[in-house]
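J.: My questions will all concern the structure given below.
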Amino acid sequence: QVQLVESGGGLVQAGGSLRLSCAASGRTFSSYAMGWFRQFPGKEREFVAAITWSGIGTYYADSVKGRFTISRDNAKNTVYLQMNSLKPEDTAVYYCAAANTIGIITTKQRYSYWGQGTQVTVSS
């Protein structure tokens, strides 16, 4: 069982930066692939970024590639999403997720555990 708690969301102006954190409980965090998703009002949750259990492999949605960076610190049981050059269209609720598997996971159905979400609002 893994419990996830996101933090770091807030209000930022376009062009600014935020770093989201996702703290995980459980001693096996390092064996989980992790991902970040976001959800716009009235829309399906969409993939943003993913990272392998080791942190070596990462993958991004085209819409955030070059602006967002996913990373993890297994010693701290935490995964991060550094978001730079933010745009108003990045405004959403951001969720972290964990999958008990190796590799990069981009489909939300394959994630077993989810955080409660954190709101990111980018003003123009």
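J.: Give the number of residues within region 94-124 that are aromatic (Phe, Trp, Tyr), more than 19 Å from Asp62 (Cβ to Cβ) and open to solvent by less than 20 Å² (accessible area, probe 1.4 Å).
T.: Counting residues in region 94-124 that are aromatic (Phe, Trp, Tyr), more than 19 Å from Asp62 (Cβ to Cβ) and open to solvent by less than 20 Å² (accessible area, probe 1.4 Å) gives 1.
J.: Examine region 22-39 for a residue that is under 26 Å from Ser123 (Cβ atoms) and open to solvent by 30 Å² or more (accessible area, probe 1.4 Å), and state whether such a residue exists.
T.: The answer is yes, given that some residue of region 22-39 is under 26 Å from Ser123 (Cβ atoms) and open to solvent by 30 Å² or more (accessible area, probe 1.4 Å).
J.: A further question follows. Gly42 is checked against (1) touching a Ser or Thr at 6+ places or on another chain (Cβ under 6 Å); (2) free of Cβ contacts under 8 Å to residues at least 24 places away in the same chain; (3) open to solvent by 50 Å² or more (accessible area, probe 1.4 Å) and fails just one. What number does that condition carry?
T.: For Gly42, the failing item is (1).
J.: Here is a check on your reading of the model: is Thr58 open to solvent by 50 Å² or more (accessible area, probe 1.4 Å), modelled with pLDDT under 95 and either touching a Pro at 6+ places or on another chain (Cβ under 8 Å) or β-branched (Val, Ile, Thr) (or both)?
T.: Spelling it out, it is not the case that Thr58 is open to solvent by 50 Å² or more (accessible area, probe 1.4 Å), modelled with pLDDT under 95 and either touching a Pro at 6+ places or on another chain (Cβ under 8 Å) or β-branched (Val, Ile, Thr) (or both).
The values are calculated or read from the model by the stated rules, or taken from the named source; none is laboratory data. As the structure is a prediction and not an experimental result, all values here were calculated from the model. A quick note on method: Cβ atoms are made from the backbone with ideal geometry, for glycine too, and the neighbour counts reach across all protein chains shown. These accessible areas exclude ligands, DNA and RNA; they are computed on the full protein's heavy atoms, side chains included. Shrake-Rupley method; radii C 1.70, N 1.55, O 1.52, S 1.80 Å.
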